[in-house]
Amino acid sequence: MADDHAARNAPVDRPFDDCVLVQRFANAKFFASQLFRESFAADFPVPRENAGLSIATPPGNWRQYVAFYKWPDERLEAVGFCNWLLYEDAYLVGGMCVSPTFYRRIPKVHFATCRDRGGVAQMLLETGFRELTDCSAWFGFVGDRKARIVDLRAGFTPTRHELLLAKWQPWLSAAERNRLEEKVAAIGPF
């Protein structure tokens, strides 16, 4: 506890942007499996053909993002994770998690900047939206209140299905939005 307090109040010699990195992997298990287990008490979603969904999930369709934070002592820690699965012309976004202790350990000056940017989860989403543009939409299946707030802040919008959120490419017609929304809703939780 005393070490956490000292770290929170310690001066930092570099800006937040020099300490945070969001990186994409084909399989992020090496970096994020412990974080995922701590967050969900479940095995890491290793890219695989049979991922337990009602759709095909070939490993080549998976994109996994990890947010890393570089501590003042030069340690690099995975502090966030998000999974993106390409399904036809949409990405299914899930498995979002952030270290439950990160925000209370990060130096205060970095915490303020991170908070102003919406937090680690929002940074992960914004990176995926910026990089994964080979689609008509991105979808999230969200039951957690806090996750829903972050998703809406990052640009997702509600759909006709209670837990399904979508972020649409601006050029997509209303008819295509409806078609794609129904197709993704039929998958169930992802």
Selection over segment 36-73 where residues are touching a Ser or Thr at 6+ places or on another chain (Cβ under 6 Å) and aliphatic (A, V, I, L, M) yields a count of 1
Does segment 68-81 hold any residues that are among the acidic types (D, E) and part of a loop (DSSP other than H, G, I, E, B), and which are they? D73, E74
Looking at segment 13-43 only, could you name the residues that are more than 14 Å from the chain's Cα centre (by Cα) and assigned to a loop (DSSP other than H, G, I, E, B)? D13, R14, P15, C19, A26, N27, A41, A42, D43
Residues that are among the polar types (S, T, N, Q) and free of Cβ contacts under 8 Å to residues at least 24 places away in the same chain: does segment 31-52 have at least one? yes
With the structure loaded, tell me whether R130 is under 30 Å from R179 (Cα atoms), modelled with pLDDT of 95 or more, surrounded by fewer than 21 Cβ atoms within 10 Å (Cβ to Cβ) and over 17 Å from the mean Cα position of the chain (by Cα) or whether it fails that test. no
Tell me the residue from D151, D144 that is closer than 24 Å to W62 by Cα, in contact with a Gly (Cβ under 7 Å, 6 or more places away or on another chain) and among the charged types (D, E, K, R), please. D151
Search result, residues across segment 127-159 that are acidic (D, E) and over 28 Å from A175 (Cβ atoms): D144
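The values are calculated or read from the model by the stated rules, or taken from the named source; none is laboratory data. On a predicted model such as this, the values are computed, not experimentally measured, just so you know. Neighbour counts run over all protein chains shown; Cβ positions are idealised from the backbone, glycine included.
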